[in-house]
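Data first, discussion second: the structure below is written as structure tokens.
The values are calculated or read from the model by the stated rules, or taken from the named source; none is laboratory data. The model shown is predicted, which means the values in this text are computed figures rather than measured ones. Neighbour counts are summed over all protein chains in view; Cβ atoms, including those assigned to glycine, are modelled from backbone coordinates with ideal geometry.
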Amino acid sequence: MSRDDDRTRWLLSAAIALGLWMAIGGCGDGNNHHGATPTPTVSPIPETFADPPEIDSVDGVLDTTMTVQPETIMVGEQEVTANVYYGLYTPPTWRLRSGDILRVKLENMIDMTTNLHTHGLNVSPMGDSDNIFLHINPTESFSYEIKLPDSHPPGTFYYHPHIYGTTEFQIGNGMSGGIIVDNDEYPPPSLRGVKQRTMLLKDIQMMQGQVPDPPMSSNGTTRSVNGLVNPTIVLHPGETELWRILNIGADIYYDVQLDGHVLQEISRDGNSRTRPIDRDHILIPTSARVDVVVSAGAPGLYLLNTLPIDMGPMGDYYPQVTLATVVVEGPPATPAPVPTKLPAPEDLRGKPIAKRRKFVFSENMMGDQFCINNMQYDPSRTDTTVQLGDIEEWTIQNCSGENHVFHIHQLDFQVIERDGVPQEYIGRQDTVNLPYTTTGDPTTTKVLLPFTDPVIVGRFVYHCHIGEHEDNGMMQNIEVVDEPVGDAGALAGLDPDEPTDCNDFPCPF
Ligand SMILES: [Cu+2]
């Protein structure tokens, strides 16, 4: 814990102690020697946390013009000039409903090509929809129109640019914001009345008032929640809240823990869980989102920390940081009932599997070039062709000495096995950590991917969502086609039944 954290904890503890002391009749008047005395005033601790601004859909349409431009902003107490959306480090959350249309006019006022990706949405990757092959040049603008199907899953998503080679730098500047999709099933009815908070976890590197290009992990980074460094959150004892926690930074992972509390995970990456999952702490890899129910404990002060993370011998080490300070005080609240069953999609195990493929994630000895199946990204190559309607089983392996995070656009998958251990079905996700190896043998994650929704027909990508890795090769193109692909689909990917020798994947570029 840093000295600043210690100081904050001490000041808040002192404030709470003073408040409690006054509440129990401090000030020497507790025995009431002189008849009636004025009731001592208990100063509540002020909340400094603030949600991002929000833009809501109206009559089924969310219409917004979003300019990206250089702006001088404050992150915590530091001033930095960065490329940001809407002139804000914490841009508005877009809030809409399943079936709505999202219209975004993106105006590019920065000195590099950009575009828009709606991360996690199950929408078309073609045309003016969630098409990451579009390039919006400096001074140009483009109007996106993204139709969410009526059946679109509700939950927590986000927007960010997706330009091969500069995605890390652009997101690292602060170019990312939240998307919330609601419908009649979610949030669960019993939780609709509770306070909801959106927590955008971002990190930024600042050197001489600028964001270094390229970012270097050795620079250190300032982690914030909605641009606030260690804000105070106030709850009443027993109060229930719904927190949406989004890791929308460029590179780093979070491992979130709230002192003295169990977090109940009810949704992951915009997918309802089958039931609430009790978590002592929650690993949130780059780009992952988690919705949790918090039930406030006894009065007191609790830190919301991200725990230390070892990304592996070839990776970074992220020290513990306090993200926010939670103060539980005031009169008790009536807890809201948390449902025991949630509206998750169906379990895919037992369904016919059309194809099985293997993808090996690796990097070179220097740790600066990154590969999938020993190839770096080529925007013009189609690596994997899939037939619409198929459910596929992918074996995804990590041969490198650092974590990677597998992400696929347009759809969600089900993790069924980790290093040979079958996984209980708790719901789908669009990101999964691929743990590092220290043995020379790969770690193995098996997933089922349903390429069944006609809306996803078209060309899109899967990749490592650590910005540095995707910008340096760890990405491939996939095309979902509504016609028989025969053996063409089998050409991509390796045979999962062949053992993997990591020496065959040096990523020699
Ligand atoms: Cu990676």
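All of GLY260, GLY270 fail the test of being within 19 Å of the chain's Cα centre (by Cα), farther than 30 Å from GLU79 by Cα and among the small types (Gly, Ala, Ser), apart from GLY270. In segment 287-305, the condition of being in contact with a Gly (Cβ under 9 Å, 6 or more places away or on another chain), under 26 Å from GLU468 (Cα atoms) and at pLDDT 95 or above is met by at least one residue. I'd like to know if segment 448-463 contains one or more residues that are of a type outside the set (Phe, Trp, Tyr), closer than 20 Å to ILE252 by Cβ and either assigned to a loop (DSSP other than H, G, I, E, B) or within 16 Å of the ligand (Cβ to nearest atom) (or both). The answer is yes; a qualifying residue exists.
For the condition closer than 30 Å to PRO313 by Cβ and over 21 Å from the mean Cα position of the chain (by Cα), ASP378 qualifies. Somewhere in segment 465-474, is a residue surrounded by 19 or more Cβ atoms within 10 Å (Cβ to Cβ) and either free of Cβ contacts under 8 Å to residues at least 24 places away in the same chain or more than 13 Å from the ligand (Cβ to nearest atom) (or both)? Checking segment 465-474: not a single residue is surrounded by 19 or more Cβ atoms within 10 Å (Cβ to Cβ) and either free of Cβ contacts under 8 Å to residues at least 24 places away in the same chain or more than 13 Å from the ligand (Cβ to nearest atom) (or both). Here ASP130 does not fit the description of being more than 21 Å from the chain's Cα centre (by Cα) and not aliphatic (A, V, I, L, M). With respect to the stated conditions, ALA344 is under 30 Å from ASP259 (Cβ atoms), in contact with a strand residue (DSSP E or B) (Cβ under 7 Å, 6 or more places away or on another chain) and either hydroxyl-bearing (Ser, Thr, Tyr) or touching a residue at least 40 places away in the same chain (Cβ under 8 Å) (or both). No other residue among ASP130, ASP150, ASP111 is out of contact with any helix residue (DSSP H, G or I) (no Cβ under 7 Å at 6 or more places or on another chain) and crowded, with 22+ Cβ neighbours inside 10 Å apart from ASP130. The set of residues in segment 65-90 being crowded, with 23+ Cβ neighbours inside 10 Å and part of a loop (DSSP other than H, G, I, E, B) consists of TYR89, THR90. Counting only strands (runs of 3 or more DSSP E) that fall entirely inside segment 321-431 and contain at least 3 residues that are within 16 Å of the ligand (Cβ to nearest atom) and outside the structural domain of LEU228 (by TED's automatic domain parsing), the qualifying elements are 355-363, 370-372, 390-398, 404-408. Checking each residue of segment 356-369 against the condition of being of a type in the set (Ser, Thr, Tyr), in contact (Cβ under 8 Å) with a residue 60 or more places away in the chain and either under 24 Å from VAL292 (Cα atoms) or surrounded by fewer than 22 Cβ atoms within 10 Å (Cβ to Cβ) (or both) gives no match.
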